[in-house]
Every structure is written in C-alpha cells, then in structure tokens.
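Before anything else, here's the structure in question.
The values are calculated or read from the model by the stated rules, or taken from the named source; none is laboratory data. Quick caveat: nothing in here was measured; it's all calculated off a predicted structure. Ideal geometry is used to build each Cβ from the backbone, glycine not excepted, and the neighbour counts take in all protein chains shown.
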Amino acid sequence: MSSLSIRPVVTKADTKAFIELAYRLNGNDPNWVAPLRDEEYAKINPKKNGWFSHAEVQLFIAERDRKVVGRISAHLDLLALEMAPEQGFGPGVGFWGMFEAEDQNAAKALINTAEDWLRKKGMNKAVGPMSLSVWEEPGLLTKGYDHPPTVLMAHHQPQYRGWIEGMGYGEVKKLLTYDLDVSKGFPPLINRIVAAGEKNERIRIRCVDKSRFEEEAKLILAILNDAWSDNWGFVPLTQPEIDDVGKKLKPLVFEQLIRIAEYDGEPVAFMVALPDLNEALKPLKGHLLPFGWAKLLWWLRKPKARTARVPLMGVVKRLQASRLASQLAFMMIEFIRRDSVANFGVTRGEIGWVLEDNQGMNAIADAIESKINREYLIYAKTL
C-alpha cells in the first residue's frame, strides 16, 4: 500500500506544489473559478499580505508516491487571540485553512498535522477552515455547489464536509449569502422609505471620490471597525492589511458602486458593491498569459457584469438599533441598484457573507425579497 507523508512547505518548489494542487483538484468542476495565480502566491507571501503582520503561519502538503495529494495551513492570529471568547475566538484558539485533499485519508492526516502544530503553539481549540483571515475566505461551502461563487468568495468540493465532520468538528457559525433580482426594483414599502429619505435634508448619500482613495478608505475603515466591533469573529483590520487590500481592490472600485451615508454632515454608514470579477476571470483559468491580461484590463475599463456583490456594509454602532439605520441601508442599496443596472448591466445582486444570527442584516435581506443562495460553515474542535 502506498505510504502517505505530510511535510511543511519550505522551498519554492513546495510553494508551487501547494498552489497548483487547487487547480488540479478543482479544474473539472464547472462552477469553480480559478483565481489568478499571482493573487494566490500573494496571499501566502508575508511581504504582500498585511495580515501576516499579526499572524504566524505554517503550510503543509501531503504526498503519496511523490505526488501531492493535499494541502493545509495551520495558523495563529495574534489579534484573534486577544478577543473576548464570547465573540468566537480569544485565548487558546488557533486556525487551519487553505484545505484541499484528494481523498479522505489525506484529509485526515492533514487536519491531524495542523492540530498537532496548533497544540505545540499552546492552542486548545482549532477553528476552520479559515483561509487565511476572517476577512478573506472563511468557512466551508455547504450549500450552493450548483453555481459559481462571486468575487472574493470560495467554492469547495461537497465531500469535504463529511471528512471534516468525521474528524470531530462541530458547527460554530453559519455564514449566508443572499441572491436577488435587481433589475425590477424593490417592494413598494422599501420605495416609500427611500423616497422619504431623499426628501430629508439631514441625509446625504454620496458616491466615494476615487481621487481621494486613501482618505475615503480610512473613513470607511473607521465606520467598519466601529460597526462590526461586537460581531462574532470580528478582528479589526490593521493598516498593513488596508494598504494591501487597497492595492488589490482599487481596480474594482467604481465610484457609483460605493456609497457613504452622512447624517447632519457626519459620515455614519457605508456600502461597498463590486462588479463580479469572477465573470471575467472564469475563462482565463488562472492565467494572464498570453492574452488574459489584455482581456482583463479591457473588462476593468468599463465592466459589464451580470452580478454585483455587496461584501461590506456598516452603520455606526450608536445608530444600529434605530429606524434611521434601516433607512440609510435601504437608500444605499437602492442608489447602488439603480447605477449598477443603468451603467454596468447588472441584473443580479449578491449580499454577503452575513452571519446567520445577524438579525438586522437578515431582516434587510428579507425586506428586499432576496433569497439565501450559498451557505458556509465554520467548524471548531477542542484539542
């Protein structure tokens, strides 16, 4: 019987093998969108991913007969260790992620290896999959295998769920994404709420100014870190992360698709929507050469996308229990809906991810008649 071995990623050849495995194992899945290889290398490069400024990571690969058959990351997030345990992480909690496996035996050996690494670091609880940060691709896809993910969302093989749960992992949180038809507008009640807000001189919903990109990004970050601070799994974004995410997302920033809400002149809420880059990436199969770069640049000049995703939205904490918070949310959604349809050809929207127990956001999603289309589970196990 062929022997299976697990070893840490050390060399450039190891790193390439770690990256390439995902393309081999998922390449025949019609709903998997191959990420650009440069982006995948950047994700695990401490010099290009600001998250590493507060993290420690070890990558592992599984081999059988000199063939790579699996991969996993084991990692610590120093800021997550400082969280209150009731918010999901806290002292003693480590993570694993970037998980891919050809078979159950490889999966079991990889997860055991990640757990051993975490134990040696003094951790008593493993949470996963977390690939790598909670702000990147958290959770395992458990519903929505039948359609491609939108930009910055993950797609996984269905068998992974049984393999992970078979290792003694239990669900700790469910993340949802919502699908909606944006071509037809929203229900009459929502339209009346938006119309009333448009007549209120104290409210201003403005587009971001891309010529002041860094200033606007800091403003959104300040609202985000306040709005999300009590959420399960919240780890504050740091400046190195903002700098690197800014570089990555700036080509996808279109002023009409990102709104800031002001009340009495004070910025109190924001909403970010992104045209679905995955629609342009899917035909490239992870390659920019020979002509992929030209196709991508052409698309980014004035993208036409069927779908726009809302990955981030927030209202300052002091307003979250008020009617104003909902009104501002509906106004931003409607303003972006209008512009995405008129100027980008969008007919479908996706909101999320959203925590299953985030009552405010789930109520907003229900009010605009959106439906859950994808679910991701985050698991945990006592070590």
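Any chance the stretch 136-153 includes a residue that's out of contact with any Asp or Glu (no Cβ under 8 Å at 6 or more places or on another chain), touching a residue at least 24 places away in the same chain (Cβ under 8 Å) and aliphatic (A, V, I, L, M)?
yes
Same structure again: Can PRO251 be described as at pLDDT below 85 and surrounded by 20 or more Cβ atoms within 10 Å (Cβ to Cβ)?
Values: at pLDDT below 85: yes; surrounded by 20 or more Cβ atoms within 10 Å (Cβ to Cβ): no.
Against the criterion (at pLDDT below 85 and surrounded by 20 or more Cβ atoms within 10 Å (Cβ to Cβ)), PRO251 does not qualify.
Of all the residues that make up the stretch 21-41, how many are touching a residue at least 12 places away in the same chain (Cβ under 8 Å) and assigned to a helix (DSSP H, G or I)?
10
Taking TYR41 and the conditions (1) in contact with a helix residue (DSSP H, G or I) (Cβ under 7 Å, 6 or more places away or on another chain); (2) buried (at least 17 other Cβ atoms within 10 Å of the Cβ), which numbered condition does it fall short on, given that it satisfies the others?
Every listed condition holds for TYR41 apart from (2).
Sort through GLY90, GLY122 and tell me the only one that's out of contact with any His (no Cβ under 9 Å at 6 or more places or on another chain), in contact (Cβ under 8 Å) with a residue 24 or more places away in the chain and assigned to a loop (DSSP other than H, G, I, E, B).
GLY122 is the lone residue from the list that is out of contact with any His (no Cβ under 9 Å at 6 or more places or on another chain), in contact (Cβ under 8 Å) with a residue 24 or more places away in the chain and assigned to a loop (DSSP other than H, G, I, E, B).
Right, next: What single numbered condition from (1) closer than 24 Å to PRO149 by Cβ; (2) part of a loop (DSSP other than H, G, I, E, B) fails to hold for LYS47?
(1)
Can you tell me which residue is nearest to the chain's Cα centre (by Cα) among those in the stretch 337-352 that are buried (at least 21 other Cβ atoms within 10 Å of the Cβ) and assigned to a strand (DSSP E or B)?
GLY352
Scanning for something touching a residue at least 24 places away in the same chain (Cβ under 8 Å), in a helix (DSSP H, G or I) and aromatic (Phe, Trp, Tyr), does the stretch 10-18 turn up at least one residue?
yes
To continue, here is another question. Would you be able to say whether some residue in the stretch 301-315 is among the polar types (S, T, N, Q), within 21 Å of the chain's Cα centre (by Cα), under 17 Å from LEU257 (Cβ atoms) and not in a helix (DSSP H, G or I)? Don't jump to the end; show me each part of the working.
Taking the stretch 301-315 as the starting set, the residues that turn out to be among the polar types (S, T, N, Q) are 307.
So of that shortlist, the ones also within 21 Å of the chain's Cα centre (by Cα) come out as 307.
After this cut, where a residue has to be under 17 Å from LEU257 (Cβ atoms) as well, the list is 307.
Now restrict to residues that are not in a helix (DSSP H, G or I): 307.
Yes, the conditions are met somewhere in the stretch 301-315.
Output the helices (runs of 4 or more DSSP H) that fall wholly within the stretch 128-241 and possess 2 or more residues being outside the structural domain of TRP353 (by TED's automatic domain parsing) and either loosely packed, with under 15 Cβ neighbours inside 10 Å or of a type in the set (A, V, I, L, M, F, W, C) (or both), or say none.
159-165
Follow-up. Out of the residues in the stretch 67-109 that are farther than 12 Å from VAL127 by Cβ and of a type in the set (Asp, Glu), which is surrounded by the most Cβ atoms within 10 Å (Cβ to Cβ)?
Checking each candidate, the answer is GLU100.
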